[in-house]
Amino acid sequence: MPVSIEFLRGVAGFIGIGCAYMFGRSLALFRKGQQKQFRLYAWAFRTALCMAGVAFRHGVDAADVVIWVLAAIGFGLALWNHSREKVEEDLTSTIFPHDD
């Protein structure tokens, strides 16, 4: 039984949203100098390929727009989340209370 094109568009869109998130993460880490430029370009290529695959054989419709907006949101969230400095909590006194 053949798989429908609409199902494959959904799968490509789901993968594309994940690739967009990883692209944002990669961009943030590249700006910090923690990741190579090649990985940044690789995630950009994967994201573009998945987003183009969603629109393949069809005109732009509501499903395309929803997937592209979710990918943009994922990209933005990853970029924002990985650009911030993370503060580690010191839980030593909570785990090991002082007995005075």
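Any read-out appearing in this document is the output of simple, stated calculations on the displayed coordinates, not a laboratory observation. This one's a predicted model, so the numbers in the text were calculated from it and none came from an experiment. Please note: Cβ atoms are built from the backbone with ideal geometry, for glycine as well, and neighbour counts cover all protein chains shown.
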Requested in this report: Would you please calculate the Kirkwood hydrodynamic radius of the chain over all C-alpha pairs and express it in Å, rounded to one decimal?
Outcome: 15.7 Å
Query raised in the report: Mind checking the angle between helix 62-83 and the chain's longest principal axis? C-alpha axes, 0 to 90 degrees, to the nearest 10.
Result: 20 degrees
Requested in this report: Any chance you could give the angle, 0 to 90 degrees and rounded to 10, that helix 37-54 forms with the longest Cα principal axis of the chain?
Outcome: 40 degrees
Query - Computed over the chain: relative contact order in percent, which uses C-alpha pairs under 8 Å that are six or more apart - result: 40 percent
Report task. Enumerate by residue number the trypsin sites (Lys or Arg not before Pro) in the chain meeting two conditions: DSSP loop (anything except H, G, I, E, B), and at most 14 other Cβ atoms within 10 Å of the site's Cβ. Result -> Lys36, Arg57, Arg84, Lys86
Query raised in the report: Hey, how many Å between the Cα centroid of the range 62-99 and the Cα centroid of the range 1-52?
Result: 19 Å
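Taking only DSSP H segments of four or more residues, each worth -39500 (n - 2.57), what value at 222 nm results for the chain once the sum is divided by all its residues, to the nearest 500 deg cm²/dmol? Don't jump to the answer; show the numbers that get you there.
On the way: 4 runs with 72 residues, N = 100.
Result for the chain: -24500 deg cm²/dmol, rounded to the nearest 500.
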Query raised in the report: Ratio of the range 39-84's C-alpha Rg to 2.2 N^0.38 Å, to two decimals?
Result: 1.30
